[in-house]
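A short reminder: the numbers here are calculations on the coordinates, not readings from a lab. These figures come from a predicted structure and were not determined experimentally. Positions of Cβ are generated from backbone atoms using ideal geometry, with glycine treated the same way; all protein chains shown enter the neighbour counts.
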């Protein structure tokens with residue numbers, strides 16, 4: 001029953017955010033209609049980080065307690081996370097082209113997001129390369145911890161590297177209340193979506209493990 | 001025996017065995033010089049462009065050479081099963097980490113000490129400035145801190161030579177960025193003040209990852 | 001209005017990705033539940 005509530009709340013919030021982004025919020029002066037991508041970009045970036053934070057916490061818990069549920073949660077969060085990070089990169093490119101004229105730019109946020117993508121990739125790669133499940137889970141947890149600690153330093157280095165980008169993603173006049181509302185609702189909607197996906201993905205992973213153990217018992 | 005003494009015993013073992021075969025240092029060194037020369041052909045260089053691309057070439061070279069040497073770090077342990085021997089002795093996992101890390105650090109520093117003058121010669125740049133040496137040393141410490149951890153991890157996987165760069169390179173991006181920027185400034189003769197923020201990033205990276213790798217290492221080599 | 005294409009493409013792509021992902025998860029869950037029930041029955045029969 002709990003899961004159905006989550007699904008409907010998520011759907012309602014997502015539709016609400018869509019309405020706010022396309023109908024309610026006023027068009028921004030400088031960038032025009034394309035600026036609305038902002039309401040997609042920030043949630044994607046937020047999810048990418050939130051997901052990895054959960055991976056980090058669950059990795060620590062897994063190494064400390066060795067319960068498979070922590071590993072299942074970490075894996076699932078990483079999977080949603082890599083989708084979100086890929087989404088952030090795609091949206092970043094689709095925003096860069098109209099605004100700056102190029103598909104890709106080595107601007108701090110995009111660059112840091114790309115590095116995050118590779119860290120997520122490493123998280124999965126180490127599981128396949130490790131040979132056995134338990135070792136893979138252990139190694140992935142190490143990546144989860146080291147990777148998360150790395151993130152602030154990556155952000156710092158990439159920001160310092162490029163300095164303040166001249167045509168940066170800062171709006172003249174800051175965020176009007178209507179824009180803030182739209183942003184917050186969007187963030188909330190995507191966060192609930194994250195929880196929904198996380199719950200279902202973890203359940204699938206644990207069911208798969210359970211089936212393997214049942215099959216082992218049947219011989 | 002104190003912690004440091006035990007760790008240095010491990011380092012000494014690595015150094016002695018390397019002195020006998022010289023395989024890590026020699027191959028990494030030849031590789032380094034080859035890469036520098038190849039880059040020279042890649043960029044048809046005038047004196048101005050040389051100054052621009054030089055720091056990048058230097059650090060790409062050191063990165064690849066570092067991966068090469070780190071790849072070898074745990075292979076003797078794995079192949080001769082020394083690791084089990086080490087672990088069943090009353091030596092803590094952290095001692096193994098520090099010992100191996102110091103060994104890899106020493107090897108990388110030796111490679112860099114020899115490669116830098118070659119680099120200076122081929123690119124006609126002043127390399128023995130204190131800022132450049134400091135940047136190189138600090139960045140290498142960071143490389144090796146994280147690299148030793150992942151090297152131990154990679155040695156237990158299939159396709160170990162591929163695994164190390166895939167895991168390791170994204171993590172050390174901050175060092176590479178900072179080292180390239182700081183080296184560029186150092187080669188241009190800038191003062192310490194200009195390099196300060198980059199050195200701070202490298203320093204912070206070193207401190208954080210020495211601690212984190214130290215703590216997490218045990219989870220990698222438990223078997 | 002010129003850049004509306006990019007805006008719509010971005011939202012469309014993200015929604016499609018996440019919606020497809022969710023659908024895939026829900027389907028897998030259904031199939032796995034069926035397989036678990038089948039295996040549980042087999043197990044019950046075997047152990048009587």
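Top mean-square fluctuation among A:57, A:153, A:145, Gaussian network model of chain A, C-alpha springs under 10 Å? Among A:57, A:153, A:145, the largest mean-square fluctuation in the Gaussian network model of chain A belongs to A:153. Neighbouring Cβ atoms from other chains, within 10 Å of the Cβ of residues in B:177-184, number 2 on average.
Stokes-Einstein diffusion for the protein assembly as shown, with the hydrodynamic radius set to the Kirkwood value over Cα pairs and evaluated at 4 °C in a medium of 1.567 mPa s, equals 52 µm²/s. Listed by Cβ neighbour count within 10 Å, with the fewest neighbours leading, B:22, A:215, B:100 appear as B:22, A:215, B:100. Over every Cα atom in region B:127-186, the radius of gyration and the widest Cα-Cα span, Dmax, amount to 13.6, 42 Å. The Cα-based radius of gyration and maximum Cα-Cα distance (Dmax) for region A:1-66 are 17.4, 53 Å.
Inverting the mean 1/r over all pairs of different Cα atoms, compute the Kirkwood radius of region B:3-221 and quote it in Å. Here the Kirkwood hydrodynamic radius works out to 17.9 Å. Relative to its Kirkwood radius, the Cα radius of gyration of region B:122-223 gives an Rg/Rh of 1.07. Computed from the C-beta positions of residue A:133 and residue A:19 and an R0 of 56 Å, the FRET efficiency is 0.80 to the nearest 0.05. Volume of the convex hull of chain C (Cα atoms only), normalised per residue: 31 Å³. Taking chain A as the reference, fit the longest principal axis to its C-alpha atoms, fit the long axis of helix A:2-19 to the helix C-alpha atoms, and give the angle between the two in degrees, 0 to 90, nearest 10. The angle comes out near 20 degrees. By the beta-carbon count within 10 Å of each Cβ, the least crowded to most crowded order of B:198, A:46, fewest first, is A:46, B:198.
Taking every residue in C:14-23 and counting other chain Cβ atoms within 10 Å of its Cβ, the average works out to 5.
Distance between the pseudo-spin-label points of residue A:217 and residue B:159 (7 Å out from Cα toward the beta carbon): 3.6 nm. Note: relative contact order over chain B, using C-alpha pairs below 8 Å and six or more positions apart, is 27 percent. Taking only the C-alpha atoms of chain A, Rg followed by Dmax gives 19.6, 68 Å. Given the C-alpha centroids of region A:182-219 and chain C, what is the distance between them in whole angstrom? Each part's Cα centre sits 10 Å from the other's. The distance from the alpha carbon centre of region B:1-68 to that of region B:131-171 is 12 Å, rounded to a whole number.
Largest GNM mean-square fluctuation across A:42, A:204, A:80, computed for chain A with C-alpha springs under 10 Å, falls on A:204. Mean-square fluctuations from a GNM of chain B, with a 10 angstrom spring cutoff on Cα atoms, peak among B:29, B:210, B:125 at B:125.
Given R0 = 60 Å, the distance between the Cβ atoms of residue C:44 and residue B:128 translates into a calculated FRET efficiency of 0.15.
Sorting A:161, A:8 on the 10 Å Cβ count, fewest up front, what's the list?
Working: A:161 20, A:8 10.
Final ranking by Cβ density, sparse to dense: A:8, A:161.
Mean per-residue shielding of peptide C:26-35 is 4, counting Cβ atoms of other chains within 10 Å of each Cβ.
For residue A:184 and residue B:60, what does the FRET efficiency come to when R0 = 41 Å and r is the distance between their Cβ atoms, rounded to the nearest 0.05?
The computed FRET efficiency comes out at 0.40.
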